[in-house]
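The structure appears below as structure tokens.
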Amino acid sequence: MSHSPLDWLADELSSLDAAGLRRRQRVVRSLGGGRCEVDGRTLWDFSSNDYLNLANDPRVIEAARSGSSSHGTGARASALVCGRTEWHERLESRLAAFEGAEAAILFPSGYAANVGTIGALVGEGDVVLCDRLSHACLVDGCRLSGARFRVYPHADVDRLDRELAKHATARRCLIVTDGVFSMDGDLAPLPELCDAAERHAAMLLVDEAHGTGVFGHSGRGAAEELGVENRNLIRTGTLSKAIGAQGGFVTGSRDLIDWLWNGARTQMFSTALTPAMCAAACAALDIIENEPQRREGLAEKSGQLRSQLAANGIEVPPKSRGPIVPVILGDSRRCTEVAARLEEQGFLTGCIRPPTVPRETARLRVSVTAQHPDEVVSALAAAIAEAALKRTAIGD
């Protein structure tokens, strides 16, 4: 019997099954209004990052059609060659104006924006310091940069200060952090991080992926929410969450953007975003600016879910804010079982397990959106309590 060099895969997949860590593919179709269809079943979707429900907005869809009609379905090349159309230029200008920055640059994804930007800013002879709970794209960017990589405990600015002092002779120092942490929903201590960066002449990169459109008076994210927009920040973001499109971006000084244009490999060597996505994002930014009630309603519904979970005996991390509501269950198998019970009752939630989160912190990641009806939010809170507490009661 012949053997394949890939025979080991079956054993490894079985190990993932036993630990409750195996992910399986499913077919999902958004139905709008906070609902989706999963493998033919209609569910209330509390797993999506489409916080403002713009991905299904008719105005955003029509803008995407317009972009495709005028410029075709693909960009045809990297932005540096011939892939940068007038829609790309328009979106870059729109993002810079929205963020109050001198300039902006587009990337094929938020992941690419972070990996490419970190690698363009630091390398051998430099040091990069990253919050322990930062998103994987920030961690990967740090690792791939070639700089000396140090991790500081979550939101521990005192520890960060000490690490920066140890590397005072480094050519360049870069601090990287999520603005809103994607699995816990808490905000980074940006004022204190800005202070530390200034004390040590370090650069500070803030990933606003889960902040843009959601936090701040104008929807510009955690930096606006915490009053540090005018300090020396490098701000990365994504078009694929509250903006409802696809792609990544960086905003900042003209010099920064010119440097990334010449040195960010994930932008230089990737085909540009489709014109349709650029047009869609432009339309979505108009809606975010002109319809603040979406953001305000989202905040109210998020607060409603937190208070009703607490009333039902379910703890939510006290620093969690906004639409990301984590319900930490600990064991991965328990998390998958609770998520399956919720699906049986008509609710799709994120079932987040290691390595996405640390061991023994598997959780439901509940994402509220602006269009979830109040009565559905209340029903979800009761269903989570019933499913989670039932598991505790019977023990395992």
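The values are calculated or read from the model by the stated rules, or taken from the named source; none is laboratory data. All values reported here derive from a predicted model rather than from experimental measurement. Counting neighbours? That spans all protein chains shown, and the Cβs are built from the backbone with ideal geometry, glycine included.
When you check Glu375 against the structure, is it more than 19 Å from the chain's Cα centre (by Cα), among the charged types (D, E, K, R) and within 20 Å of Gly185 (Cβ to Cβ), yes or no? It is false that Glu375 is more than 19 Å from the chain's Cα centre (by Cα), among the charged types (D, E, K, R) and within 20 Å of Gly185 (Cβ to Cβ). Figure legend. Inter-residue proximity from region 199-221: first residues acidic (Asp, Glu), second residues buried (at least 24 other Cβ atoms within 10 Å of the Cβ) and assigned to a strand (DSSP E or B), beta-carbon distance below 6 Å, spacing 6+ or different chains. Indicated pairs: Asp207/Asp178; Asp207/Thr236; Glu208/Arg235; Glu208/Gly237. Only a single criterion out of (1) of a type outside the set (Gly, Ala, Ser); (2) under 21 Å from Ala79 (Cα atoms); (3) over 12 Å from the mean Cα position of the chain (by Cα) is not satisfied by Leu239, namely (3). Taking Thr117, is it over 21 Å from the mean Cα position of the chain (by Cα), of a type in the set (Ser, Thr, Tyr) and buried (at least 19 other Cβ atoms within 10 Å of the Cβ)? Criteria not met by Thr117.
Does Arg150 fit the bill of being more than 28 Å from Gly330 (Cβ to Cβ) and either assigned to a strand (DSSP E or B) or outside the structural domain of Tyr51 (by TED's automatic domain parsing) (or both)? Against the criterion (more than 28 Å from Gly330 (Cβ to Cβ) and either assigned to a strand (DSSP E or B) or outside the structural domain of Tyr51 (by TED's automatic domain parsing) (or both)), Arg150 qualifies.
Of the strands (runs of 3 or more DSSP E) lying entirely inside region 1-87, not one carries at least 1 residues that are within 24 Å of Ile105 (Cβ to Cβ), over 27 Å from the mean Cα position of the chain (by Cα) and touching a residue at least 24 places away in the same chain (Cβ under 8 Å).
Selection within region 1-50: residues that are among the small types (Gly, Ala, Ser) and assigned by TED's automatic domain parsing to the domain that holds Ser378. The member of this set that is farthest from Gln371 (Cα to Cα) is Gly40. In region 105-132, the residues that are under 23 Å from Gly74 (Cβ atoms) form Cβ pairs under 7 Å with partners that are basic (Lys, Arg) and in a helix (DSSP H, G or I), at six or more places apart or across chains, as follows: Gly116/Arg265.
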